[in-house]
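For reference, the structure discussed in these notes is given below.
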Amino acid sequence: MAFSEFRPLNEKSLIEYIKATPALSNKIGGKFDDLKIEEVGDGNLNFVYIVVGSDGSFVIKQALPYIRCIGESWPMTKERAYFEALTLKEHGRLSPEHVPEVYHFDRKMSLIGMRYLEPPHHILRKGLIGGNEYPHLAEHMSDYMAKTLFYTSLLYLTTTEHKRAVAEYCGNVEMCRLTEQVVFSDPYKVSQYNRWTAPYLDLDAEAVREDNILKLEVAGLKSKFCEKAQALIHGDLHTGSVMVTPDSTQVIDPEFAFYGPMGFDIGAFIGNLILAYYAQAGHADSANDRKSYKEWILKTIEDTWKFFDKKFVGLWDEHKDGPGEAYLPQIYNNPELQHLVQRSYMKDLLHDTLGFGAAKMIRRIVGVAHVEDFESIKVASKRAECEQQALRFAKQLLKERRRFESVGEVVAAIRQTES
């Protein structure tokens, strides 16, 4: 069977594809009699197959030419698979402990074969809904973000290297445009794709659309998203893009990757942890009020930023005399000046993180794609209460982010919303 042009695979044709692809068939020892294939793509965009045999396993991910959760009425480039494979390889080189290995990439078929993250790995979002604690999550995620963001920025790269990489990733423009639409535009206007927990949030959604200060702030963030080619970002680093066990943290699905603002990645992760925090009241019951778990989430938020700050600045110190052209050592070799530059940089990055995190929270409540944290709360009135609290805080955070000097102040502000 020839696979010279794109076509969506099903379980039967996938077997033929694997047989014709040594990089994949070798991973299962060339044995097909006991092969088990399961399609698990519960996301918004792709087919995802788990392939398990007696001698090995892998995952196949195939991009479709449309948004899967909408249908063919919303076309979407298959080229996103190329940028996902490229980013998995680059981020995997920089943070191999936290990115699954790529075994095979087929550009014509928009198909990636990669390591299967076997059980007990599961999606972090589901673990947060279940009230599970992950003692190494903040340590692992801060490590992944510090390395992938620092080593792809001008703090480490020459301007020639950086611009070459920026030019390559400009090809992922359709995915960027999708983010521009669903994060920075649709929630602030009437859109056919927006939805919310009606009728409870009708007035809340209207208030977002009529809030001029909010619109001014989100316009500034959209400009940064479009113009600030700071580092190679994952581009969709929410809690559904992380697979975990108590000892392992793996980042998947970087199909939105491009050279953009670092705070978009950090903000996506922290913003989704804040959503998980506000959802806990909807998952509490008589056996578990989730209060101690909420404290664990807040500690994880605080630790993630603190660890990231320390590791990122540590890499900066380690490579201050390296090739990076953002701050030339001939100018910034004074320790006092170096410290001032770093503190200014990290303060700006914290404010970017808070702004982008808030914008991501808002779109998940009154935009097109919601989160299971809230959606799994069956009683609509209870779900709406949780969403309203999260939305109020997100709006406050977006407007007032520059007044926060530390992540501890942000956590204190979250606590105050429930006092």
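Taking every protein chain into account, the 1.4 Å probe leaves I50 with about 30 Å² of accessible area, to the nearest ten. In order along region 369-382, the Karplus-derived 3J(HN,Hα) couplings, from 6.51 cos²θ - 1.76 cosθ + 1.60 at θ = phi - 60°, round to 10, 8, 10, 5, 3, 8, 4, 7, 7, 5, 7, 4, 5, 5 Hz, and Gly and Pro are given as x.
Ignoring the sites themselves, the chain has its longest run without GluC sites (Glu not before Pro) in a DSSP loop having at most 12 other Cβ atoms within 10 Å at 211-404. One Cα centroid belongs to region 246-313, the other to region 349-419; the line between them spans 12 Å.
Going from most exposed to least, what order do D204, D265, D55 have by accessible area with a 1.4 Å probe?
D55, D204, D265
With the whole protein complex present, Y151 retains an accessible surface near 40 Å², based on a 1.4 Å probe. In this structure, the residue pairs whose Cα-Cα separation is over 29 Å, taken from K89/K360; K224/K311; K36/K360; K147/K382, are K36/K360; K147/K382.
A simple charge model with +1 on the Cβ of Lys and Arg, -1 on the Cβ of Asp and Glu and nothing else charged puts the dipole of the chain at about 560 debye relative to its Cα centre. Annotation note: trypsin sites (Lys or Arg not before Pro) in region 317-419 located in DSSP loop regions with a Cβ neighbour count of at most 12 within 10 Å are K378.
Give, to the nearest whole percent, the P(r) tail of region 1-122 beyond 17 angstrom, counting all Cα pairs. Every Cα pair in region 1-122 considered, those over 17 Å come to 57 percent.
The spacing between region 191-214 and region 98-121, judged by their C-alpha centroids, is 38 Å.
Positive-end ranking of N172, L149, I112 along the dipole of region 95-175, with charges on Cβ about the Cα centre, is headed by N172. Accessible surface computed residue by residue for the chain, with neighbouring protein chains in place and a 1.4 Å probe, gives 43 Å² per residue.
Just the protein heavy atoms count here, and of the accessible area of the chain at 1.4 Å, carbon and sulfur take up 50 percent.
Once the gyration tensor of the Cα atoms in region 149-290 is diagonalised, the equivalent ellipsoid follows with semi-axes of 31, 23, 12 Å, ordered largest first.
In this structure, the amide hydrogen of F105, modeled 1.01 Å from its nitrogen in the peptide plane, lies closer than 5 angstrom to those of G113, counting only residues at least 5 positions away or on a different chain.
The values are calculated or read from the model by the stated rules, or taken from the named source; none is laboratory data. In this text the structure is predicted, and so the values were computed from the model without any measurement. Every residue, glycine as well, gets a Cβ built from its backbone with ideal geometry; the counts of neighbours run over all protein chains shown. The protein model used for the area step is the full one, side chains on, heavy atoms only, and it has no ligands, DNA or RNA in it. Shrake-Rupley method; radii C 1.70, N 1.55, O 1.52, S 1.80 Å.
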